[in-house]
1. Look at residue A:249 and say whether it is within 14 Å of chain B (Cβ to nearest Cβ) and part of a loop (DSSP other than H, G, I, E, B).
2. Does the range A:122-170 hold any residues that are crowded, with 22+ Cβ neighbours inside 10 Å and without any contact (Cβ under 8 Å) to a residue 40 or more places away in the chain, and which are they?
3. Taking the range A:221-240 only, how many residues are within 17 Å of residue A:169 (Cα to Cα) and either part of a loop (DSSP other than H, G, I, E, B) or not assigned by TED's automatic domain parsing to the domain that holds residue A:254 (or both)?
4. Do we find that residue A:98 is within 18 Å of the chain's Cα centre (by Cα) and closer than 24 Å to residue A:241 by Cβ in this structure?
5. Where in the range B:27-122 are there strands (runs of 3 or more DSSP E), lying fully within it, with 1 or more residues that are away from every other protein chain (no Cβ under 14 Å)?
6. Looking at the range A:176-197, which of the residues that are outside any helix (DSSP H, G or I) and more than 7 Å from chain B (Cβ to nearest Cβ) is surrounded by the most Cβ atoms within 10 Å (Cβ to Cβ)?
């Protein structure tokens, strides 16, 4: 009996040593639960992500053939090339329209407007509300305003303008945040040397905020590429490459929606999904590379 | 000869009056120190001398601040004023760029483009700030990679680069170690030959070591202002005596 209790004590001692070695487990049960939940959270998130990416790639990659990248879409060959071009065109146009506007609005709000003024509050409330509107509502607005009222019809212009309005709040928001995170001591240093506001913003604040602004733009790129509802309303969903700014076309996501909806070409739909995914990964990698390059 | 004369100056942050009826003459080519406990208004006063307080929302100033006889709040170009009255801040704040570009930023702001001229200014400013020997081989390195003491001397060099008349230093050594502090104090004494220096410090020994005149502030009022030696040896006011003997603050 004595032996047993001694043995138990030893076991307890070893166990307690082990626990104290792993600091993270701590002594309180709460610590252990937090630890477990953190890992559970990471695990589930990673698993879901891997599952989605894996599913898309496994189902999509085997269907990718050179003929999918033919210039022309035909009934026999459901080429995704026109849609890929459409995606890149919408992406380029929307960024050209929204990025300068968003960045300059944010600069105005953070650097020029009186901090905490009523005007700033109203603009901020407006942009936040705009950010929360479902994209299909933007689509409907774009269709009626750009397509019908301005007479642009279903076209690259209607699509790009609609998408750029949609991403404007996102760009403004992220730019504002990165400008605000630039320490005021930089601004003081510049003003203290007799530099004006414009020079301070352009030479000191903006360069320091660039990595954050680029990160915001990268986020937006994902939004633009993935946009479907607003695009179908405004760019249309015709399987050919737009020839000019007021021509209709389709993007990869709309292309995928059409293929999946018709149900006759599931392989091509999966292939499109895989290409879409790869395009996003590629553009993100490219942008972070640019961001790193700009930073150094 | 007085560089600055401040006459009956009051300052408010919105409803809060931070400075009450300040009268002070700051002589040229001397070091004038402002001492006092936290929140006494000494930093507020020094920031009024190059109008950095303009950046603070709701700041209002009454009275006169004359620089060489000219009212600095009366229709003069703020940027020209700040070029004449340079500032070194509490925390070293080099810009996130190279050592060279940090120094060249000021002259470039005021229109100097010649590479030759800029090189000259960078070398002279760093030399005057006693950091040329340490940095001459690292001009292209990021200023953020320097030590705190080096960063602060770089900031002094940056302030010198636009050839000011006056150098304002707002607790320039409070974030630094004793060795860096000693270097900056030594440098400050050397600089008074060419510049008028106003320094805010919470360190009384520092005021004794380097300044010619000292003003003691308490709760937004200037209690006493005189020759440093006099102020620390035979203070006129009881409150000054209490503060310098360490009874409060």
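1. So residue A:249 does not fit the description; no.
2. Residues satisfying the conditions do not exist here.
3. Total satisfying the criteria: 1.
4. For residue A:98, the condition - within 18 Å of the chain's Cα centre (by Cα) and closer than 24 Å to residue A:241 by Cβ - is met.
5. Per the criteria, B:31-35, B:59-67.
6. If we take residues in the range A:176-197 being outside any helix (DSSP H, G or I) and more than 7 Å from chain B (Cβ to nearest Cβ), then A:182 is surrounded by the most Cβ atoms within 10 Å (Cβ to Cβ).
Results for (1) touching a residue at least 40 places away in the same chain (Cβ under 8 Å); (2) outside the structural domain of residue A:276 (by TED's automatic domain parsing), shown as yes or no for each residue.
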site: A:57; (1), (2): yes, yes
site: A:77; (1), (2): no, no
site: A:84; (1), (2): yes, no
site: A:89; (1), (2): yes, no
site: A:97; (1), (2): yes, no
site: A:100; (1), (2): no, no
site: A:112; (1), (2): yes, no
site: A:116; (1), (2): no, no
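Per-residue answers, yes or no, for (1) exposed (fewer than 14 other Cβ atoms within 10 Å of the Cβ); (2) over 18 Å from residue B:159 (Cβ atoms):
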{"position": "B:16", "(1), (2)": "yes, yes"}
{"position": "B:35", "(1), (2)": "no, yes"}
{"position": "B:40", "(1), (2)": "no, yes"}
{"position": "B:43", "(1), (2)": "no, no"}
{"position": "B:59", "(1), (2)": "no, yes"}
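The values are calculated or read from the model by the stated rules, or taken from the named source; none is laboratory data. Here the structure is a predicted model, which is why all the values come from computation and not from measurement. Note: ideal-geometry Cβ built from the backbone for every residue, glycine included; neighbour counts use all protein chains shown.
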